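The block underneath contains the structure these notes are about, expressed in structure tokens.
The values are calculated or read from the model by the stated rules, or taken from the named source; none is laboratory data. Computed from a prediction, not measured in an experiment: that's the story for all the values here. Here the Cβ positions follow ideal geometry from the backbone for every residue, glycine too, while neighbour counts run over all protein chains shown. Keep in mind that these areas ignore ligands, DNA and RNA; they rest on the heavy atoms of the full protein, side chains included. Shrake-Rupley method; radii C 1.70, N 1.55, O 1.52, S 1.80 Å.
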Amino acid sequence: MAPTPAELQRLATVISRRTGMAFPSSRLPFLTARARAVMAWAGADNWDTWLSEMETSAGSDDRLCEALEEALQVHETCFFRYPGHHALLGDVVLPDSTVAGTSRLRILSVGCSTGQEAYSLAMTVRENLSGDAPRQVEILGVDVGRAALAAARHGVYGPLSIASVPPLYLERYFQPEGAAFTVRSDVRAMVRFLRHDIRRELYLGKFDAIFCCNVCLYFMRPTKDQILARLTAALRRGGYLFLGHAEGVTPPGDNFRAIHRPSGVVFQRIPA
């Protein structure tokens, strides 16, 4: 049975209050489909009864709310999704860290999903730094999706997933195994994955570069601003913030400067 317009609005309100996600009319069919899947998983067959349970538990870590929140995550990603970001990492960030004599480089991938972005960053670092880079660099991928993180840690991808990998990188950094491709162990050693919700407080330390692409665009303005504030606070002075083209946020001009290159734009936190 399909939800009534009133029931669908109740559902959107519950999820928006809990997660900060925005649900304009164009996203309501997506919300309905994911909610039906969670209802089936929970053994619920009545929208009104199920919504009442959701409304009662929305302030806690109830399994129904958590299951629906995870089901609403969009895990569309690929290797080297933003080539310009990788060019800026190689042309701006890494040379800056070398000049500064940084002994340890920390990079954060927010909303890392199944790991493609984090592993792509590791490959870019290896292409631009010396062979001992794995001992100098920590790349942390964070996401709220347990299944996505499990796949990321596994590091095995099918032919469609690696379609955007440059042939040279495919040869250097992947091990073919039948029809699949496994990220080589030396690249995987550079990357760590952690379940973390950037909307909530959890200190992860300071980073030299943060990548947040296609994360903020799904949230309402107050949540976007909250996420941006936490990202900027997690950057060391002189660090770099990479944003997706449709995030809908930019860091404050009094603390950041935009660096424009033919390959794109990166925001640098103004050094002390």
Review point. Using a Förster distance of 30 Å, how high is the FRET efficiency between residue 171 and residue 91, based on the Cβ-Cβ distance and rounded to 0.05?
Key: 0.80
Exercise for review: Would you mind working out the accessible area per residue for region 225-272, using a 1.4 Å probe, and quoting it in Å²?
Suggested key: 49 Å²
Practice item. Using only the Cα atoms of region 177-272, each taken as one equal point scatterer with no solvent, compute I(q) by the Debye sum, divide by I(0), and report log10 of the ratio at q = 0.10, 0.16, 0.23 Å⁻¹. Key: -0.34, -0.77, -1.25
Check your understanding: Considering only 212, 44, 107, whose Cα is most displaced toward the positive end of the charge dipole of the chain, charges sitting on Cβ of Lys, Arg (+1) and Asp, Glu (-1)?
Key -> 107
**Study point:** Separation in nanometres of the label points that stand 7 Å from Cα toward Cβ, at residue 40 and residue 163
**Key:** 2.6 nm
Point to revise | Exposure of residue 260 as accessible area (Å², to 10), given a probe of 1.4 Å and all protein chains | key: 130 Å²
Check your understanding: residue 140's amide H: which non-local residues (gap 5+, or another chain) put their own amide H closer than 5 Å, with H modeled 1.01 Å from N in plane and none for Pro or chain starts?
Key -> 107, 108, 109, 192
Review point. Hey, what's the Cα Rg ratio for the chain versus the globular rule of thumb, 2.2 N^0.38 Å?
Key: 1.08
Review point. Once amide H atoms are built 1.01 Å from N in the peptide plane, which residues 5 or more positions from residue 239, or in another chain, come under 5 Å H to H?
Key: 269
Point to revise | Residue-averaged [θ]222 nm for the chain, counting only DSSP H segments that reach four residues, each worth -39500 (n - 2.57) | key: -12000 deg cm²/dmol
Check your understanding: If contacts are Cα pairs under 8 angstrom and at least 6 residues apart, what is the relative contact order of region 130-272 in percent?
Key -> 20 percent
Point to revise | Contour excess over end-to-end distance, with Cα ends at residue 182 and residue 30 and 0.36 nm allotted per residue | key: 51.5 nm
Review point. Can you work out ³J(HN,Hα) from phi for every residue in region 4-10, in order, using Karplus 6.51 cos²θ - 1.76 cosθ + 1.60 and θ = phi - 60°, giving whole Hz and x for Gly and Pro?
Key: 6, x, 5, 5, 5, 5, 4
Practice item. Find the relative contact order for the chain and round it to a whole percent, using C-alpha pairs within less than 8 Å whose residues are 6+ positions apart. Key: 17 percent
Revision key, fill the gap. Here the FRET efficiency for residue 257 versus residue 236, based on Cβ atoms and R0 = 22 Å and rounded to 0.05, is 0.90
